[in-house]
Amino acid sequence: MSALAITAGALALVVGAPAQGTKTAWSVELQSSINPATAQWITSALGDAAEEDVELVIIRLDTPGGLDESMREMIREIIAAPMPVVVYVSPDGARAASAGLFITEAADVATMAPQTNIGSASPVSVTGDDVGEVLGRKIENDAAAYARALAKAHGRNAELAELMVTEAENVTATEALDAGLVDLIATGEDDLLAQLDGFEVQGPKAQTLDTEGIAIEARDMPLQYDLLDVIVNPTVAYLLLLVGLVGIAIEIFSPGLIVPGALGTVCFLLGAYGSSQLPVTLAGVALLVVGVAMIIAEAHIAAGGVLGAAGVVAVAVSGLLLYDTESEAFGISAPVAIAAGLFAGGLLAFAAKKVIEARRNPVRTGWEELIGAAGEVRQGLGPVGQVFVEGALWRAEPVDGIEQLPAGARVRVESVDGLTLRVRPVEQEGAS
């Protein structure tokens, strides 16, 4: 038995030996907008790759663009990574638009699949339009200089990179390669590794790559970052805030319902967290708060609907101005924001109005509610028995002039004497 164990252990060592010496390249997924979630994912992936002494990291890029701050965070991590980082715009049909241009140019090796494109990196305003004259020139000049610096540092076409910011230029993979904006075109990752073998990297990590026999290990974005990617989406964050505010308001107006309050609190906290990761504008926050306050005020003072209508409009417009992402690819959906704002504001106004009306109605409690209530004799009244009224059994006796009533007779309460109901048969009501 011991000899068998020794033999098995030796075989395991022999089998495992080649694996330990195999060079590895990580293929990291980045196929989403550039936002806080994807920035954290790239930071985490590059950090893990450094700890594992990975030879090379390939970032599979397909993005419409995103937040400037998240883009710069990714670029800082790519530049600081100890191993060469290859950005591969893939698969066919993918794009490196807007922020994707900067990330591609920050790579030690910039590569693209044949049927891909890159460019269109002009900054836009919170509404998706061109930025204003003075501020717009400042932002554009900053972005243009950044693109030019990244391309020039890696020996690429700095002029074309700048035009993609100032003139929103966009080129195909072949055009980008011919113009010197990217280094290689590869049909797949195996083809990419074959072309990278012996490639001379320019820039801060200048070296000659040796990719012969290197193994590719795919690293897709984990579930936690997928969920965060959803929460930090401006449209989703705004909807979560609205649902949260409506749920909490309903719970405040009508305590004890539990479900609206609990659901509203969870949604509001998720929306607040997502919003905290985004550039929030003061105007958007003010409109949201004022809109909700107007709707609540309308329910209390009954201003003829003016305050309520203004509040609903303010809530809807707040969605358009709440986040200043400077990106068409990572902005809030205007139709969704308006529709959700109108619906949530209207629902909040309706709920607040109904609750306030209910509170202003006369209070009706106690035995007075039983007067006039109909019921059924359950135990014959001869003269004392039991009747079933308003969901409960009551001690009862017939009114004067009636000696007894059989079980099953329909009666109506005439008066209450302590805990005893005085009832009259329903068929005698007309005669009475």
Practice problem: Assess whether GLY136 counts as being among the small types (Gly, Ala, Ser), more than 25 Å from THR187 (Cα to Cα), in a loop (DSSP other than H, G, I, E, B) and modelled with pLDDT under 90. | Solution: no
Quiz item: Has the range 295-302 got at least one residue that is under 21 Å from the mean Cα position of the chain (by Cα), in a helix (DSSP H, G or I) and not aromatic (Phe, Trp, Tyr)?
Solution: no
Practice problem: With the checklist (1) without any contact (Cβ under 8 Å) to a residue 12 or more places away in the chain; (2) surrounded by 20 or more Cβ atoms within 10 Å (Cβ to Cβ) in hand, flag the one item TYR88 doesn't pass. | Solution: (1)
Quiz item: Is there any pair linking a residue in the range 224-245 that is of a type in the set (S, T, N, Q) to one that is surrounded by fewer than 21 Cβ atoms within 10 Å (Cβ to Cβ), with Cβ under 6 Å and at least six apart or on different chains, and which?
Solution: THR235/SER333; THR235/VAL336
Quiz item: Restricting attention to the range 158-177, which residues are more than 35 Å from the chain's Cα centre (by Cα) and not aliphatic (A, V, I, L, M)?
Solution: GLU159, THR174, GLU175
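Yes/no matrix, rows are residues, columns are (1) touching a Pro at 6+ places or on another chain (Cβ under 9 Å); (2) surrounded by fewer than 17 Cβ atoms within 10 Å (Cβ to Cβ); (3) under 30 Å from ALA110 (Cβ atoms):
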site	(1), (2), (3)
THR208	no, yes, yes
ALA218	no, yes, yes
LEU228	yes, no, yes
VAL232	yes, no, yes
ALA249	yes, no, no
ILE258	no, yes, no
VAL266	no, yes, no
GLY274	yes, no, no
GLN277	yes, no, yes
Quiz item: Which residue pairs have Cβ atoms under 7 Å apart, sit 6 or more places apart or on different chains, and have a first residue in the range 381-399 that is open to solvent by 40 Å² or more (accessible area, probe 1.4 Å) and a second that is of a type in the set (Val, Ile, Thr) and assigned to a strand (DSSP E or B)?
Solution: TRP394/VAL387; ARG395/THR420; GLU397/THR420
Quiz item: Which of (1) over 30 Å from LEU56 (Cα atoms); (2) hydrophobic (A, V, I, L, M, F, W, C); (3) assigned to a loop (DSSP other than H, G, I, E, B) does MET221 not meet, given it meets every other one?
Solution: (1)
Exercise. Return only the number of the condition from (1) β-branched (Val, Ile, Thr); (2) more than 15 Å from PRO84 (Cα to Cα); (3) part of a loop (DSSP other than H, G, I, E, B) that VAL230 does not satisfy.
Key: (3)
Quiz prompt | Selection count where residues are open to solvent by less than 40 Å² (accessible area, probe 1.4 Å) and within 23 Å of the chain's Cα centre (by Cα), scope the range 52-63 | solution = 2
Practice problem: Please verify whether the range 18-35 includes one or more residues that are open to solvent by 70 Å² or more (accessible area, probe 1.4 Å), assigned to a helix (DSSP H, G or I) and modelled with pLDDT of 95 or more. | Solution: no
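Which is more than 34 Å from the chain's Cα centre (by Cα) and open to solvent by less than 70 Å² (accessible area, probe 1.4 Å), of GLY188, GLY180?
Step by step, each of GLY188, GLY180 is checked, and only GLY180 is more than 34 Å from the chain's Cα centre (by Cα) and open to solvent by less than 70 Å² (accessible area, probe 1.4 Å).
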Exercise. State whether the residues of the range 196-218 include one that is of a type outside the set (S, T, N, Q), more than 19 Å from GLY100 (Cβ to Cβ), touching a Phe, Trp or Tyr at 6+ places or on another chain (Cβ under 8 Å) and outside any strand (DSSP E or B).
Key: yes
Quiz item: What about THR235, is it β-branched (Val, Ile, Thr) and in a loop (DSSP other than H, G, I, E, B)?
Solution: no
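The values are calculated or read from the model by the stated rules, or taken from the named source; none is laboratory data. Keep in mind the model is a prediction, meaning the values are calculated, not measured. Cβ atoms come from the backbone with ideal geometry, glycine included; neighbour counts cover every protein chain shown. Ligands, DNA and RNA are stripped out before the accessible areas are found, and what is left, the full protein with its side chains, is counted by its heavy atoms. Shrake-Rupley method; radii C 1.70, N 1.55, O 1.52, S 1.80 Å.
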